[in-house]
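First up is the structure itself, then whatever we jot down about it.
The values are calculated or read from the model by the stated rules, or taken from the named source; none is laboratory data. Computed from a predicted model, the values in this text were never measured in an experiment. Counting neighbours? That spans all protein chains shown, and the Cβs are built from the backbone with ideal geometry, glycine included.
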Amino acid sequence: MDEIEELLQQIERELANGKRPIFGGGVTVDDEAIYAAIDGIRAAVPGAVREAKIILRDSEKRMEAESNRARDIIQKAEQRAEEILNEHVIVQKAREEAEMIRRQADAYVAKSRMDARNELVNLLETTDDALAKSLKLVRQTLNSLK
């Protein structure tokens, strides 16, 4: 994203340093410099998309790790319940405790997934905003050159 910002600043400098013609409006700029900056922006945008994909992959890995952790918690709860199955009162208590742990694990997984999803949504919205701003600036620059 820094690269895109630098290229947009280059376009702004080129426009600011452009020479005004004696007659008419607008400015005369080095079109090769403007086109080079636009090409650079086009090349940099896929980088932002790649960054978003990396963030998505990291979030998915985190969700998978949290799901595995929750499964381990559930498995340990079930193992503990099996060990206590000797007496009726103990059996009842073990079932209640296992169910409570299972609900806690399910709640933990749901919260982890929601947190990861919200983080991903925020990151994608930020990327979307940055790309929209870049596109707007490119269009404004292009329109001012016409």
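Observations
- Residue list for segment 29-77, filter: of a type in the set (D, E) and closer than 27 Å to R117 by Cβ: E51, D58, E60, E64, E66, D72
- Of all residues in segment 29-43, none are in contact with a Pro (Cβ under 8 Å, 6 or more places away or on another chain), loosely packed, with under 13 Cβ neighbours inside 10 Å and not in a helix (DSSP H, G or I).
- Residue among L85, L123 that is within 30 Å of Q9 (Cβ to Cβ) and at pLDDT below 90: L123
- Checked against (1) touching a Gly at 6+ places or on another chain (Cβ under 9 Å); (2) at pLDDT 80 or above; (3) among the hydrophobic types (A, V, I, L, M, F, W, C); (4) surrounded by fewer than 16 Cβ atoms within 10 Å (Cβ to Cβ), A16 passes all but a single condition, namely (1).
- Condition check for L145: under 30 Å from V27 (Cβ atoms), over 26 Å from the mean Cα position of the chain (by Cα) and surrounded by 12 or more Cβ atoms within 10 Å (Cβ to Cβ): yes
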